[in-house]
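Colleague: Here it is, the structure in full.
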Amino acid sequence: MAPEGRAKMGMIKKRSVKAGLPPGSYVHVGEKQGENATVTVVRYNESTYVEEVTKDLAGCIPAQDETSVVWMNVDLVHQVDLIARIGECFGLHPLVIEDILNTDQRPKIEDFGDYIYIVFRFLSCNGSSCSVESEQISLILGAGYVISFQERGLGVFGKVRERIKSGKGRMRSSGADYLAYSLLDAVVDDYFIVLERLGERIETLEDGLVANPRAATLHSIHGLKRDLVFLRRSVWPLREVLNGLQREDCSQIGKMTRVYLRDVYDHTIHVIDTLETFRDTISGMLDIYLSSISNRLNEVMKVLTVISTIFIPLTFIAGVYGMNFRHMPELEWKFGYPAVIALMLGVALVMVMFFRRKKWF
């Protein structure tokens with residue numbers, strides 16, 4: 001699928017299925033990405049690590065001691081009954097469940113006191129042309145637990161899971177707030193991969209624009225422009241989310257974790273600045289394309305104008321001697337035809353030399 005087609009799909013999703021329903025109605029909005037959801041439950045502390053994978057949630061998570069952190073990750077969110085059961089187990093507000101099922105949410109943060117609900121988007125490149133794909137990720141951060149919901153289940157948090165499993169770094173010795181930070185950081189880091197791939201697309205397009213601008217070039221420019229609008233829509237609100245997590249009244253976030261969140265905030269600002277630079281570059285490329293096409297048309301028109309100008313006096317001479325009046329002396333002259341041809345060639349040669357001297361072509 002073309003990049004612009006992918007972006008368009010991500011920007012507009014059918015929400016008519018919810019029209020007329022009361023608030024808190026559990027309806028999945030988005031595309032079904034697979035058959036059965038996968039629930040992965042990870043329990044860990046400084047000395048232990050336990051991981052369980054299931055296709056269904058038989059019951060609520062068993063109670064854990066104060067030193068342990070529980071991370072539940074749900075791949076695919078189209079199973080309404082499963083998401084509803086998880087909400088009942090953890091006492092989530094019906095509107096939170098509704099937002100999790102609606103995969104067209106704007107990145108945001110909502111503080112419910114006992115837990116925090118965070119929505120953001122994971123971005124990835126598909127194929128050599130970097131067809132941008134977007135996936136909604138929802139996080140529930142509570143006391144000693146984190147629940148993550150992935151729209152597609154692309155293995156976004158595989159590296160985080162490996163860090164916890166290996167026991168490297170401070171993951172095992174930190175709380176659930178540090179885990180939430182790590183998940184956010186992993187997603188923001190992947191933004192830079194997408195930006196690098198888009199930068200390569202822009203450089204390739206710039207080379208083609210200078211060498212040989214064509215109709216396909218304009219198509220590619222519009223595709224990139226639409227991708228960047230889509231990316232901006234996905235990334236720009238994330239800085240509000242990170243600002244909200246750094247507030248002092250956000251009880252679920254510890255003081256030490258706020259330091260790391262500021263680093264993620266800086267990365268997000270860097271991503272936004274790069275996107276704005278890319279947008280300005282694409283706008284300039286569009287202007288260059290239009291100017292190149294206009295200049296090429298002007299060159300063609302200049303050549304045609306020069307040719308037409310050369311033939312104007314030749315047409316006049318041919319018209320004069322095409323009148324065939326009886327008393328035209330040149331009509332009976334033996335060398336009349338060669339003389340007229342020579343005259344025409346001489347006039348054309350003089351005009352060509354004049355145009356060349358003026359550097360008109």
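Colleague: How high is the relative contact order of the chain, given as a whole-number percent (alpha carbon pairs under 8 Å, six or more residues apart)?
Modeller: The normalised contact order for the chain reaches 15 percent.
Colleague: Taking R0 as 22 Å, what FRET efficiency do you get between ASP266 and ARG170 from their Cβ-Cβ distance, rounded to the nearest 0.05?
Modeller: According to the calculation, E is roughly 0.65.
Colleague: Which of ASN212, ASN126, ASN102 moves the most in a Gaussian network model of the chain with Cα springs under 10 Å?
Modeller: For the chain, modelled as a Gaussian network with Cα springs under 10 Å, the answer is ASN212.
Colleague: Per the helix-only calculation at 222 nm, which mean residue ellipticity applies to the chain, given -39500 (n - 2.57) for every DSSP H run of n ≥ 4 and division by its residues, nearest 500 deg cm²/dmol?
Modeller: Computed ellipticity for the chain at 222 nm equals -18500 deg cm²/dmol.
Colleague: Hey, could you get me the Stokes-Einstein D for region 237-338, Kirkwood radius over alpha-carbon pairs, 20 °C and 1.002 mPa s, rounded to whole µm² s⁻¹?
Modeller: After rounding, the answer is 101 µm²/s.
Colleague: For the charge dipole of the chain, defined by +1 on Lys and Arg C-beta atoms and -1 on Asp and Glu C-beta atoms about the Cα centroid, which residue among VAL119, GLN252, MET323 has the Cα displaced farthest towards the positive pole?
Modeller: MET323
Colleague: While we're looking at this one, here's another question. When the chain is modelled as a GNM with alpha-carbon springs shorter than 10 Å, which of PRO94, PRO237, PRO329 fluctuates the most?
Modeller: Ranking PRO94, PRO237, PRO329 by mean-square fluctuation puts PRO329 first.
Colleague: Here is a follow-up. Considering only LEU290, LEU101, LEU195, give the residue with the highest GNM mean-square fluctuation for the chain, with springs between Cα atoms whenever their separation is below 10 Å.
Modeller: So, out of LEU290, LEU101, LEU195, the one fluctuating most is LEU290.
Colleague: Further, regarding this structure: How large is Rg over Rh for region 3-291, taking Rg from the Cα atoms and Rh as the Kirkwood inverse mean of 1/r across Cα pairs?
Modeller: Rg/Rh: 1.01.
Colleague: Once fully extended, how much extra length lies between LYS359 and ARG106, figured as 0.36 nm per residue of separation less the alpha-carbon to alpha-carbon distance?
Modeller: Here the answer is 85.2 nm.
Colleague: Starting with the highest mean, order 182-188, 239-245, 331-337 by the number of other Cβ atoms within 10 Å, averaged over the residues of each peptide.
Modeller: Order by mean packing, descending: 182-188, 239-245, 331-337.
Each value in this text was obtained by applying a stated rule to the coordinates, not by laboratory testing. Note that the coordinates shown come from a computational prediction; the quantities given were computed from them, not determined experimentally. As a convention, Cβ positions derive from the backbone with ideal geometry for all residues, glycine included, and neighbour counts pool all protein chains shown.
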